[in-house]
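The values are calculated or read from the model by the stated rules, or taken from the named source; none is laboratory data. Predicted model, so just to flag it, every value in this text is computed and none were measured. We place every Cβ from the backbone using ideal geometry, glycine too, and count neighbours over all the protein chains shown. SASA here: full protein model, heavy atoms, side chains in, ligands and nucleic acids out. Shrake-Rupley method; radii C 1.70, N 1.55, O 1.52, S 1.80 Å.
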Amino acid sequence: FSPLLFARRLDENYQPIGTAVVFRNPIRRIYAVFSYDKMVPGAQWTALWYRDGELVHFETKPWDGNTGGYGFTDWAPEPYAWLPGEYEVQIFVGLEWKVVGRFVVEGDPPTPSPTLTPSPTLTPSLTPTASLTPTITPTPTPTITRWPTATPTFTSTPVPTRTPRPTDTLWPTPTP
């Protein structure tokens, strides 16, 4: 791997256009370009991007290029994410470190564009209601009866019962 070259753009042959080590905001994308030789197609390769020692981006995947030529890694976050500081890019093949390069970003990034965020819809909650005031219930007014009304009265009349009469026979009569 050759030393890394940093640029904002590449040509059709993956060659950097306007390489630099200091970039001024606003920035959309930065490429880290390198030449390579004797790469194994399908080998796992990784690029780590740090800002002031903190990992801000990475990519890792099987090598899909040729055994030799030019390659690159890039990072294109939202422009407001390009904070000022010292950036470092490290490239590995498998677990083997291959190359490292550094660049600096200066100036404040653009302010993020405001996005409409829906505000939460208010959900009605149950509000205690005033207790019900008792209402006056009309009481029926008695009607005046001018003349007494005859009410049938039922009385039971005793029914006479039969009482057996004693017989004059003192002794039982023999039966023949």
| remark: Restricting attention to segment 43-55, the residues that are open to solvent by 40 Å² or more (accessible area, probe 1.4 Å) and of a type in the set (F, W, Y) number exactly 1
| request: Kindly provide the set of residues from segment 83-114 that are open to solvent by 70 Å² or more (accessible area, probe 1.4 Å), part of a strand (DSSP E or B) and closer than 21 Å to D52 by Cα, ordered by number. | output: E86, W97, K98, R102, E106
| request: Output yes when any residue across segment 71-91 is modelled with pLDDT of 95 or more, of a type in the set (S, T, Y) and over 30 Å from P114 (Cβ atoms), and no when none is. | output: yes
| query | Out of segment 1-42, which residues are open to solvent by 90 Å² or more (accessible area, probe 1.4 Å) and in a strand (DSSP E or B)? | reply | R9, R24, D37
